[in-house]
Amino acid sequence: MAEKFRVGIIASGRIARMHGSGWRECDRTEIVAIADSHPEALADYAREFQVKKQYLDYREMMEKEDLDIVSVCSWNPQHAEMTIAAAVHKPKAILCEKPMACSLGEAEAMIIACERNGVKLAIGHQRRFYSSWQEARRLIQEGAIGEPRRLWSSVRAGMMNTGTHCIDFQLFVLGDPQAEWVMGSVERKTDHYLFGHRVEDRCCGLIGYPNGVEGFIENEMGTGGGLYQVGATVYGSDGMMDINNNSLKYMVPGKAGWQVFEPTEKNRSGYGSAFTDQAYAVCNWIDGNFDDYPGQARDGKAALEIMMGVYESVRMHERVSLPLQTHANPLDVAVETGVIPVERPGAWDERSFLVRGEAMSWIKSEG
């Protein structure tokens with residue numbers, strides 16, 4: 001058997017465990033090092049995944065370990081910095097967790113750093129490996145429901161959190177087109193943060209895709225009984241389909257009622273085999289077995305651009321044309337310039353319960 005790719009993981013939280021499970025179940029990879037600034041978190045992860053090399057400084061890990069693959073599993077504001085720092089050491093690939101970054105400027109810097117150093121950059125929209133998502137894409141591309149007209153996604157837990165999967169699904173199922181415009185609305189009365197960066201209290205966005213197709217994303221609007229949907233309902237000229245996580249049902253001409261697709265994956269950790277399939281795909285991408293890896297940097301940037309477009313539409317009070325010209329995070333700019341004032345002061349991060357020790361945000365703990 002060929003020598004296994006050496007994997008190093010940055011950060012040791014919940015998503016790092018999902019990445020770790022994927023690398024562990026892939027017989028082509030071995031987790032050789034883990035880095036986290038919190039000693040207890042570091043030790044717990046190393047024990048669970050039997051990782052011999054432990055580092056409190058991820059840069060030291062990059063310098064001392066000859067890594068083929070790096071998983072960036074930190075909180076969102078650290079994605080760009082850590083990906084760029086890892087790219088300098090020229091691993092064969094970097095798998096950065098979603099969302100790719102907190103602004104288009106950061107995403108573009110990540111892409112430049114990886115291209116400059118010959119590193120393949122994948123973004124952790126692992127649901128692209130669901131058999132249901134792939135079947136939905138195939139059915140739509142083959143015209144099973146006619147011409148797609150509208151895609152509707154309704155989520156909780158933040159547009160930049162769960163919503164990024166939904167927007168990525170809309171792009172994926174349509175064949176990864178370039179969106180043309182975005183019109184958005186944002187409510188942010190509190191000083192709300194998620195994983196260390198500003199987010200909305202509620203929002204919705206209308207997305208213009210080519211050929212008159214429209215997508216819609218809503219977060220925390222309470223419709224559909226507070227529906228938590230990771231996917232979308234797709235309405236076509238001759239049918240419709242409903243995708244939520246790894247489930248797919250659809251209505252097509254000539255067949256009565258819902259047609260239900262049975263996913264092929266085993267149910268592991270609530271994600272089927274998505275993280276393992278993602279790991280194998282990264283290995284195959286490194287081998288040069290295909291060029292069009294599903295979920296690479298350009299795809300992560302496309303989803304991020306739409307989310308930034310929702311915020312920019314609110315800041316500029318207009319329908320925003322894409323590609324987006326604003327490289328900063330428009331929500332940050334809107335809050336800091338008073339376009340979206342904080343009416344109920346007091347910063348709070350809804351994921352602060354994940355931080356160990358006394359700290360209440362990643363800024364102090366970096367763990």
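The values are calculated or read from the model by the stated rules, or taken from the named source; none is laboratory data. The shown structure was predicted, so the numbers you read here are calculated from the model rather than taken from an experiment. Heads up, the Cβs are rebuilt from the backbone with ideal geometry, glycines too, and the neighbour counts pull from every protein chain shown.
Can you tell me which residue is surrounded by the fewest Cβ atoms within 10 Å (Cβ to Cβ) among those in the stretch 107-140 that are in contact with a Lys or Arg (Cβ under 7 Å, 6 or more places away or on another chain) and in a strand (DSSP E or B)?
Lys120
Could you list, in sequence order, the residues of the stretch 43-68 that are among the aromatic types (Phe, Trp, Tyr) and surrounded by fewer than 19 Cβ atoms within 10 Å (Cβ to Cβ)?
If the condition is that a residue be among the aromatic types (Phe, Trp, Tyr) and surrounded by fewer than 19 Cβ atoms within 10 Å (Cβ to Cβ), then Phe49 is the only one that fits.
Which residue, of Pro77, Pro99, is within 30 Å of Leu174 (Cα to Cα) and assigned to a helix (DSSP H, G or I)?
Among Pro77, Pro99, only Pro77 is within 30 Å of Leu174 (Cα to Cα) and assigned to a helix (DSSP H, G or I).
Any idea which of (1) modelled with pLDDT of 95 or more; (2) surrounded by fewer than 20 Cβ atoms within 10 Å (Cβ to Cβ); (3) out of contact with any helix residue (DSSP H, G or I) (no Cβ under 8 Å at 6 or more places or on another chain) is the one Glu40 doesn't satisfy?
Unmet for Glu40, out of (1) modelled with pLDDT of 95 or more; (2) surrounded by fewer than 20 Cβ atoms within 10 Å (Cβ to Cβ); (3) out of contact with any helix residue (DSSP H, G or I) (no Cβ under 8 Å at 6 or more places or on another chain): (1).
Okay, residues lined up against (1) in a strand (DSSP E or B); (2) at pLDDT 95 or above; (3) closer than 15 Å to Ala136 by Cβ:
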| residue | (1), (2), (3) |
| --- | --- |
| Ala232 | yes, yes, yes |
| Lys249 | yes, yes, yes |
| Gly254 | no, no, no |
| Gly257 | no, no, no |
| Pro263 | no, no, yes |
| Gly270 | no, no, no |
| Trp285 | no, yes, no |
| Asn289 | no, no, no |
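Determine whether Ser185 is buried (at least 20 other Cβ atoms within 10 Å of the Cβ) and hydroxyl-bearing (Ser, Thr, Tyr).
No.
Looking only at the stretch 165-199, which residues are of a type in the set (D, E, K, R), within 21 Å of Gly231 (Cα to Cα) and either at pLDDT below 95 or over 17 Å from the mean Cα position of the chain (by Cα) (or both)?
Passing the criteria: only Glu180.
Is there any pair with a first residue in the stretch 153-173 that is outside the structural domain of Gln141 (by TED's automatic domain parsing) and a second that is modelled with pLDDT of 90 or more and not charged (D, E, K, R) whose Cβ atoms are under 9 Å apart and which are 6 or more apart or on different chains, and what are they?
Here the result reads none, with nothing in the stretch 153-173 linked to a residue that is modelled with pLDDT of 90 or more and not charged (D, E, K, R).
Counting just the residues of the stretch 149-198 that are part of a strand (DSSP E or B) and among the hydrophobic types (A, V, I, L, M, F, W, C), which one comes out farthest from Val339 (Cα to Cα)?
The selected residue is Leu151.
Any residue in the stretch 1-19 that's crowded, with 19+ Cβ neighbours inside 10 Å: show its pairings with residues that are in a helix (DSSP H, G or I) and aromatic (Phe, Trp, Tyr) at Cβ separation under 6 Å, as long as the two are six or more apart or on different chains.
Pairs found: Val7/Trp23; Ile10/Tyr58; Ser12/Tyr45; Met18/Phe275.
I need the full set of residues from the stretch 102-121 which are out of contact with any Asp or Glu (no Cβ under 9 Å at 6 or more places or on another chain) and either polar (S, T, N, Q) or in contact (Cβ under 8 Å) with a residue 24 or more places away in the chain (or both), in order please.
Gly105, Glu108, Ala109, Met110, Ile111, Ala113, Cys114, Arg116, Asn117, Gly118, Val119, Lys120
Let me spell it out: the conditions are (1) of a type outside the set (Val, Ile, Thr); (2) modelled with pLDDT of 95 or more; (3) in the same structural domain as Gly208 (by TED's automatic domain parsing), and Asn117 meets all of them except one. Which number is the exception?
(3) is the only condition that Asn117 fails.
For the stretch 86-96, give me each residue that is closer than 16 Å to Tyr280 by Cβ and either basic (Lys, Arg) or part of a loop (DSSP other than H, G, I, E, B) (or both).
Once the filter is applied, which keeps residues that are closer than 16 Å to Tyr280 by Cβ and either basic (Lys, Arg) or part of a loop (DSSP other than H, G, I, E, B) (or both), the stretch 86-96 yields only Lys92.
Report every pair of residues separated by at least 6 positions or lying on different chains whose Cβ atoms are under 7 Å apart, first residue within the stretch 337-360 and assigned by TED's automatic domain parsing to the domain that holds Met316, second at pLDDT 95 or above and part of a loop (DSSP other than H, G, I, E, B).
From residues that are assigned by TED's automatic domain parsing to the domain that holds Met316, the pairs are Ile340/Arg188; Glu343/Lys189; Arg344/Lys189.
Give Lys64, Lys52, Lys4 a once-over and let me know the one that is touching a Phe, Trp or Tyr at 6+ places or on another chain (Cβ under 8 Å) and more than 19 Å from Ile123 (Cα to Cα).
Lys64
For the stretch 69-105, how many residues are in contact with a Gly (Cβ under 7 Å, 6 or more places away or on another chain) and either within 19 Å of Arg6 (Cα to Cα) or not hydrophobic (A, V, I, L, M, F, W, C) (or both)?
The qualifying residues number 9.
Could you tell me which of the residues Ala122, Ala113 is closer than 16 Å to Lys301 by Cβ and touching a Gly at 6+ places or on another chain (Cβ under 8 Å)?
Being closer than 16 Å to Lys301 by Cβ and touching a Gly at 6+ places or on another chain (Cβ under 8 Å) holds for just one of Ala122, Ala113, which is Ala122.
Can you tell me which residues in the stretch 190-209 are among the hydroxyl-bearing types (Ser, Thr, Tyr) and surrounded by 23 or more Cβ atoms within 10 Å (Cβ to Cβ)?
Of everything in the stretch 190-209, nothing turns out to be among the hydroxyl-bearing types (Ser, Thr, Tyr) and surrounded by 23 or more Cβ atoms within 10 Å (Cβ to Cβ).
Return the total of residues in the stretch 52-70 being in contact with a Leu (Cβ under 9 Å, 6 or more places away or on another chain), among the aliphatic types (A, V, I, L, M) and either within 13 Å of Ser12 (Cα to Cα) or not in a helix (DSSP H, G or I) (or both).
3
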